[in-house]
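Written below as structure tokens is the structure these notes are about.
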Amino acid sequence: MSSTVLTTRSAKSNTTVLCRLSDRWRSAGLYMACVAHDGSLLWHDPQMPRVMALCLTADKRLVDQVRALSESVRVHPVLLASPIPGLQVHAAPASHRRKLSAWLVILARTAAIPATSEELAHLAQKASMDALMLVQQSQKIPLVGGGGAAPFLTLATLAEQMHDDLQAAGSAHHELAGVTEQLTSTYEEMSLLYKISSGMRFSQKPEAFLASVCREVQEIGNFGCVAVAMARNADGVSSPELDEWTVYAGSCPILGKELLRMMHRPIYEALTFGESQVHNEITADCDGAALRALMKRFVCVPLKRDQRPLGILVAIDKNDSTKFNSVDLNLLNNVGNQCSIFLENAALYQDMQDLFMGVLHSLTRSIDAKDAYTRGHSHRVAELSRDLARKIGLSEKLCERVYLAGLLHDVGKIGVPEAVLRKPGELTAEEIAAIQKHPEIGAQILGNIKQLQDVLPGVLHHHERWDGQGYPHGKSGEGIPLIGRIICVADSFDAMSSTRIYRSALMLEAVLEEIKRCAGSQFDPALAKVFATLDFSRYERAIKDRNIEIAAAGSFFHV
């Protein structure tokens with residue numbers, strides 16, 4: 001008797017399955033029941049003859065035998081002692097996840113039940129049934145193992161039916177496994193594409209985005225290696241400059257230009273025809289001998305938009321040593337399309353950023369040009385401000401915004417007359433008031449530019465003082481925005497370090513000493529202390545060259 005996987009829960013609830021199974025056993029003269037560990041009856045064949053049911057319901061010895069089997073943790077089919085002569089009882093363990101869960105009890109008539117059986121009479125009396133009637137009914141039960149060929153034919157029929165069932169179950173299982181695998185692959189691919197799409201931030205570096213994509217694809221596709229080479233030019237349709245692998249994930253067999261050189265032909269074909277090139281067999285026309293020594297197979301996916309080459313995506317080998325199939329190719333093509341969209345949009349974003357920054361630099365140069373002595377001042381203040389922001393631990397994103405605020409901090413001077421800006425002598429009260437308006441003028445000029453809203457506090461408040469004696473609003477202490485306090489130090493440092501029309505430049509030591517002296521009055525004391533620790537070597541070279549330029553232009557000040 002073979003072991004059958006069946007849980008106690010299913011024995012109680014899934015009667016449909018048990019009925020179908022018992023139908024097959026019944027055709028061979030075998031009747032089935034399901035019994036719990038403690039011997040209690042969970043289910044039995046509803047067409048089971050009464051005399052057999054009597055064995056299960058009225059005899060305590062059968063219960064005791066099943067309980068004893070459970071306590072001994074027996075895991076093989078066993079023949080039980082039958083309470084009625086002529087009936088044979090088998091018990092087969094039903095297991096779930098390798099643990100015994102219940103017992104299948106199989107009953108069969110192997111001989112005629114004698115009408116004079118005292119055991120049957122005793123059980124019939126306990127159940128208030130007629131023993132003679134039970135004997136007469138039992139004669140209709142098929143005889144199993146009664147001699148001749150009948151038992152063998154019965155078992156052969158049973159074996160055939162079970163074989164058909166196993167075949168059907170195996171076929172269904174195979175089909176289900178295939179559908180499950182396809183659904184799993186589709187789900188993973190959709191999840192990856194969603195993750196890639198939702199993670200597209202065109203302000204991020206392409207290398208960081210592509211590195212993340214390569215890692216995800218390499219893991220999901222179970223590829224040995226996934227690499228991307230970005231084109232350095234996009235002018236030629238089929239001959240972009242691929243100088244180096246931009247990023248890769250997994251175990252790359254060889255790095256650098258050498259692998260690009262060996263893959264030149266399939267890469268060229270992929271970019272020329274705009275279609276992925278699958279090489280499950282590496283042929284001689286793509287440097288076969290050299291590549292075969294490094295890999296078994298590979299796929300080249302072109303990254304293109306509007307016939308413009310943006311790069312190449314390459315997957316090398318599969319970790320299970322199988323060939324690249326349609327599922328792999330579909331995944332790589334979809335990922336390649338997402339990468340192409342990102343690279344194109346990232347390039348457009350960078351063009352816009354370059355244009356934006358170019359306009360801002362031109363604007364600040366036009367302001368600095370109003371006074372030959374302040375030329376380059378905005379750029380130097382921006383650099384110093386960013387250096388200080390980095391030193392105090394601000395994020396790189398915030399540091400770049402500080403740089404932008406420093407670059408634009410004096411844009412309001414466009415509204416100040418040049419005669420006032422270039423006046424060599426002492427300024428009048430009206431002229432001082434005109435100059436002190438430039439922070440507010442700058443904030444008004446930039447106020448309608450949405451992308452610059454976070455830098456306006458630096459433009460508006462870079463002349464506020466820690467002690468509240470600054471302008472335009474007389475803010476003090478930490479009431480002054482941090483970006484304004486940073487630019488205040490950098491602006492004053494460059495002003496003292498540069499030659500102006502009304503005085504010559506101070507030495508670095510003297511400037512730092514003055515900033516130290518004014519810490520707590522003009523400057524944020526914490527920022528002034530950190531500022532003094534910056535590396536000024538690059539700045540000193542720039543200001544020295546600028547002061548020499550001023551002297552050569554005919555200034556009467558000594559540099």
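The values are calculated or read from the model by the stated rules, or taken from the named source; none is laboratory data. Just so we're clear, the structure is a prediction, and the values are computed from it rather than from any experiment. When we count neighbours, we look across all protein chains shown, and the Cβ atoms used for this are built from the backbone with ideal geometry, even at glycine. The protein model used for the area step is the full one, side chains on, heavy atoms only, and it has no ligands, DNA or RNA in it. Shrake-Rupley method; radii C 1.70, N 1.55, O 1.52, S 1.80 Å.
Remarks
- Taken as a whole, the structure leaves THR283 outside the set of residues that are β-branched (Val, Ile, Thr), within 21 Å of ALA211 (Cβ to Cβ) and modelled with pLDDT under 85.
Every residue, every condition in (1) under 22 Å from THR364 (Cα atoms); (2) open to solvent by 20 Å² or more (accessible area, probe 1.4 Å), yes or no:
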| position | (1), (2) |
| --- | --- |
| LEU446 | yes, no |
| VAL459 | yes, no |
| TYR471 | yes, yes |
| GLY474 | no, yes |
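- Screening segment 435-466 for residues that are over 50 Å from the mean Cα position of the chain (by Cα) and at pLDDT 90 or above and picking the one that is farthest from SER492 (Cα to Cα) gives LYS437.
- Qualifying residue in segment 345-360 (condition: surrounded by fewer than 17 Cβ atoms within 10 Å (Cβ to Cβ), closer than 30 Å to VAL416 by Cα and either in contact with a strand residue (DSSP E or B) (Cβ under 6 Å, 6 or more places away or on another chain) or of a type in the set (Lys, Arg) (or both)): no
- Test set (1) at pLDDT 80 or above; (2) surrounded by 15 or more Cβ atoms within 10 Å (Cβ to Cβ) - ASN222 fails condition number: (2)
- Taken as a whole, the structure places ASP524 among residues that are open to solvent by less than 40 Å² (accessible area, probe 1.4 Å), touching a residue at least 24 places away in the same chain (Cβ under 8 Å) and acidic (Asp, Glu).
- Taken over segment 63-74, residues that are open to solvent by 70 Å² or more (accessible area, probe 1.4 Å) and in contact (Cβ under 8 Å) with a residue 24 or more places away in the chain amount to 2.
- Boolean, ILE414 is in contact with a Gly (Cβ under 9 Å, 6 or more places away or on another chain), modelled with pLDDT under 90 and either at positive phi or β-branched (Val, Ile, Thr) (or both): yes
Listed here are the residues, each with its yes/no results for (1) open to solvent by 20 Å² or more (accessible area, probe 1.4 Å); (2) under 24 Å from GLN136 (Cα atoms); (3) at pLDDT 80 or above.
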| site | (1), (2), (3) |
| --- | --- |
| THR16 | yes, no, no |
| ARG20 | yes, no, no |
| GLY39 | no, no, yes |
| ARG61 | yes, no, yes |
| TRP103 | no, no, yes |
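- The residues in segment 429-485 that are touching a strand residue (DSSP E or B) at 6+ places or on another chain (Cβ under 8 Å) and either small (Gly, Ala, Ser) or assigned to a helix (DSSP H, G or I) (or both) can be counted, and the count is 1.
- Unique match (being touching a helix residue (DSSP H, G or I) at 6+ places or on another chain (Cβ under 8 Å) and open to solvent by 50 Å² or more (accessible area, probe 1.4 Å)) among LYS391, LYS413, LYS397: LYS391
- Candidate set: segment 300-332, residues that are in a strand (DSSP E or B) and farther than 25 Å from ALA347 by Cβ; chosen: the one least open to solvent (accessible area, probe 1.4 Å): ILE316
- Of the criteria (1) under 59 Å from the mean Cα position of the chain (by Cα); (2) open to solvent by less than 20 Å² (accessible area, probe 1.4 Å), which one GLN47 fails: (2)
- Residues of segment 479-500 that turn out to be open to solvent by 20 Å² or more (accessible area, probe 1.4 Å), more than 23 Å from LYS544 (Cα to Cα) and in contact (Cβ under 8 Å) with a residue 24 or more places away in the chain, as a count: 3
- Screening THR116 with (1) crowded, with 19+ Cβ neighbours inside 10 Å; (2) modelled with pLDDT of 85 or more; (3) among the hydroxyl-bearing types (Ser, Thr, Tyr) gives one miss only, at (1).
- Residue match in segment 493-500 (condition: farther than 23 Å from VAL420 by Cα and of a type in the set (Val, Ile, Thr)): no
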